[in-house]
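*Asks:* I'd like to ask some things about the structure below.
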C-alpha cells in the first residue's frame, strides 16, 4: 500500500530541506533501521586510486581493424594493458538494464541480454592483476521502465543482481567475480530529463541500498553522477541532505569531469568533501569515474597535442587526489569511434591508446600508445599506494601558478611532483639534499625520458618550473646495480611490454656459485 511521508526540516548546512516522499510500507520500515555505518569490503587493490573507464567494453571499429575474432580476444588485449599500466578499477558504460534482463516482470532473468551482463562483468576479474568493477544500475525512465513505479519488483531485481555478482559462492555468475560497489544510475541529467525529482531518486537509492545489502552485507552504494566538477551540483547536494535525514549509508559519490587540458582542477571536490563531513558522511568517498582530456581536435575544441594531454593527466591526478578525490578513472583505454554517431565527438579522442580515426588523428596511430599511456603507467607506479601521499606544499599554492606535491616512496624517501602554469617560474625548497635529480615526467612517444638533470644540493635549492610536470628527488650514489634512481625503479616493473612480442631482461649474478630450482605448480 502506497503511503506518503511528510515533514518539515529547515534547510542549512546542518539543517536540511525535507522532501515529500512516496514510499511503500516495507521501505518505511527499512529506513528506520538503516545505519550510516558501512562494512568494509575485502577486495584486492580496493584502495587503488587508478582506474580506466570502459576498458573492457569492445569498441566496434577498433576491434574490426585489429582483427579480434571474438570478445575473449579483446578482453585478453585489455587485460594485458590494465596489468601493465597498474589500473585496478573499471566502470562501464554498459549497465545492468532492468528491461533487458527481465522483459516481463516476474518472468525470470536473462543475464546475457543486458549490455553489462555476465561476460562483460566477469572479464576484469580474470585479469593477471585483479581489476575491480563498479557495477551500474541503469536509471530507467522515458522509454525504459521507471523503477520508482515498481519498487518491490525492482528491489527483487537488485537483490538478484548483487547475489549473482557478490562472489560468495551462492548463485554466482563466475567463481572469480566479486562486485562490492554499485552505482544507482548513470548521470544526473538523464534523471532530470525524464522529469523525476530528487525525492524520487532518494527513494530509489534507499530501495537499492536495502536490497543490495540484503544479498551482500558488504555492498556499498555510489550515487548518480553530475557531469562537471567546477562547482557542486545542486541535485547531488539536495540528495545528500535528504539521504542523511533518511539515514541511508552512501559508499561514494561520483563526479564526471572532462574538458580542455587546462581545465584539470575539480574545484567542487573540496566543497563536496566539506558537505559530506558536515552530514556525518565522513567515510563516504569521492570518485571521478569518467575523467579525461583529449588530443588532436574534436568539434569546437582547440587542437591539443599528445604531450598536452599527458601533462594534464598528471595535473588531474595529483591536484584532485590531494584535494579530496579518492579515485580517478581515465576515459578510456582506447577511445570510441563515432561516439553517438558523431565523428567529431570529444569522446573519440580521449584514450590512452590511439585508434587512428576521427578528429584529425593520423591512421598510423592505430594501436599506438600515446604519451599519456606511458605517463599514466609511471605515475601509477610512483604514487598509487595508500601510504605515499603527504600532501601539497602549501607555500607554493598561493599564486595559483606553481604547484608542488610531496610524496613518500615505499622506502620512506620523499620525492616531489611539480609544475607551473606558465614557463620559467622559480620554485625554492628549504630542505637539504646532497644531490638532487630532476626529470621531465612527460616522455617521448616511445616511453623515453626527455631530459634529466642532477643538481648539487646543500641547504636549500631552487628549480625552474614550466608546463611539463617534473619529478624531483634526492639522488644517492650507491654501489653498482643498487641504484636509488626513481626512474630506474619504474623501469624494473614494466615487464612484459604489451606492445612487443618479446622482452629481454639483462641481469648479473653476484656469485659464480648458484643452483637452479625446478618450478612446480605451487611455486608458479
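*Asks:* I need the full set of residues from segment 92-119 which are within 27 Å of residue 51 (Cβ to Cβ), at pLDDT 85 or above and buried (at least 20 other Cβ atoms within 10 Å of the Cβ), in order please.
*Replies:* Once the filter is applied, which keeps residues that are within 27 Å of residue 51 (Cβ to Cβ), at pLDDT 85 or above and buried (at least 20 other Cβ atoms within 10 Å of the Cβ), segment 92-119 yields 92, 95, 96, 97, 98, 101.
*Asks:* Take residue 406 and decide whether it is under 18 Å from residue 380 (Cα atoms) and part of a strand (DSSP E or B).
*Replies:* yes
The rows are residues; the columns are (1) in contact with a strand residue (DSSP E or B) (Cβ under 7 Å, 6 or more places away or on another chain); (2) in a loop (DSSP other than H, G, I, E, B); (3) crowded, with 16+ Cβ neighbours inside 10 Å.
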{"position": "122", "(1), (2), (3)": "no, no, yes"}
{"position": "128", "(1), (2), (3)": "no, yes, no"}
{"position": "143", "(1), (2), (3)": "no, yes, no"}
{"position": "168", "(1), (2), (3)": "no, yes, no"}
{"position": "179", "(1), (2), (3)": "yes, yes, yes"}
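*Asks:* Only one of (1) more than 23 Å from residue 48 (Cα to Cα); (2) in contact with a helix residue (DSSP H, G or I) (Cβ under 8 Å, 6 or more places away or on another chain); (3) not in a helix (DSSP H, G or I) is not met by residue 135, so which one is it?
*Replies:* The number of the failed condition is (1).
*Asks:* Let me ask something else about it. Going by what's in this entry, would residue 404 be described as buried (at least 22 other Cβ atoms within 10 Å of the Cβ) and either under 26 Å from residue 498 (Cα atoms) or at pLDDT 95 or above (or both)?
*Replies:* no
*Asks:* Still on this model: Could you please find all residues in segment 39-57 being buried (at least 20 other Cβ atoms within 10 Å of the Cβ) and modelled with pLDDT under 90?
*Replies:* Across segment 39-57, the qualifying residue is only 57.
*Asks:* Right, next: When you look at residue 348, is it more than 30 Å from residue 273 (Cα to Cα), without any contact (Cβ under 8 Å) to a residue 60 or more places away in the chain and touching a helix residue (DSSP H, G or I) at 6+ places or on another chain (Cβ under 7 Å), yes or no?
*Replies:* Considered against the rule, which asks whether it is more than 30 Å from residue 273 (Cα to Cα), without any contact (Cβ under 8 Å) to a residue 60 or more places away in the chain and touching a helix residue (DSSP H, G or I) at 6+ places or on another chain (Cβ under 7 Å), residue 348 comes out as yes.
*Asks:* Let me confirm something: among 326, 363, which residue is more than 18 Å from the chain's Cα centre (by Cα) and in the same structural domain as residue 301 (by TED's automatic domain parsing)?
*Replies:* Among 326, 363, only 363 is more than 18 Å from the chain's Cα centre (by Cα) and in the same structural domain as residue 301 (by TED's automatic domain parsing).
*Asks:* Could I ask something else about it? Keeping to segment 84-99, report how many residues are over 26 Å from residue 162 (Cα atoms) and assigned to a helix (DSSP H, G or I).
*Replies:* Residues meeting the conditions: 2.
*Asks:* Of the numbered conditions (1) within 26 Å of residue 285 (Cβ to Cβ); (2) surrounded by fewer than 21 Cβ atoms within 10 Å (Cβ to Cβ); (3) at pLDDT 95 or above, residue 323 fails exactly one; give the number of that condition.
*Replies:* (3)
*Asks:* Also: Of the residues 228, 316, which single one is closer than 23 Å to residue 92 by Cβ and crowded, with 19+ Cβ neighbours inside 10 Å?
*Replies:* Step by step, each of 228, 316 is checked, and only 316 is closer than 23 Å to residue 92 by Cβ and crowded, with 19+ Cβ neighbours inside 10 Å.
*Asks:* Now a separate question. Can you name every residue in segment 252-274 that is within 16 Å of residue 222 (Cα to Cα) and assigned to a helix (DSSP H, G or I)?
*Replies:* Across segment 252-274, the qualifying residues are 269, 272, 273.
Table: residues versus (1) part of a helix (DSSP H, G or I); (2) in contact with a helix residue (DSSP H, G or I) (Cβ under 9 Å, 6 or more places away or on another chain); (3) under 23 Å from residue 46 (Cβ atoms).
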residue: 250; (1), (2), (3): no, yes, yes
residue: 299; (1), (2), (3): no, yes, no
residue: 312; (1), (2), (3): yes, yes, no
residue: 316; (1), (2), (3): yes, no, yes
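*Asks:* Scan segment 264-306 residue by residue and report those that are more than 18 Å from residue 237 (Cβ to Cβ) and in contact with a strand residue (DSSP E or B) (Cβ under 8 Å, 6 or more places away or on another chain).
*Replies:* 289, 290, 291, 292, 293, 294, 295, 296, 297, 303, 304
The values are calculated or read from the model by the stated rules, or taken from the named source; none is laboratory data. Small disclaimer: the values here were computed from a predicted structure and weren't measured. FYI the Cβ positions are ideal-geometry reconstructions off the backbone, even for glycines, and counts take in every protein chain you see.
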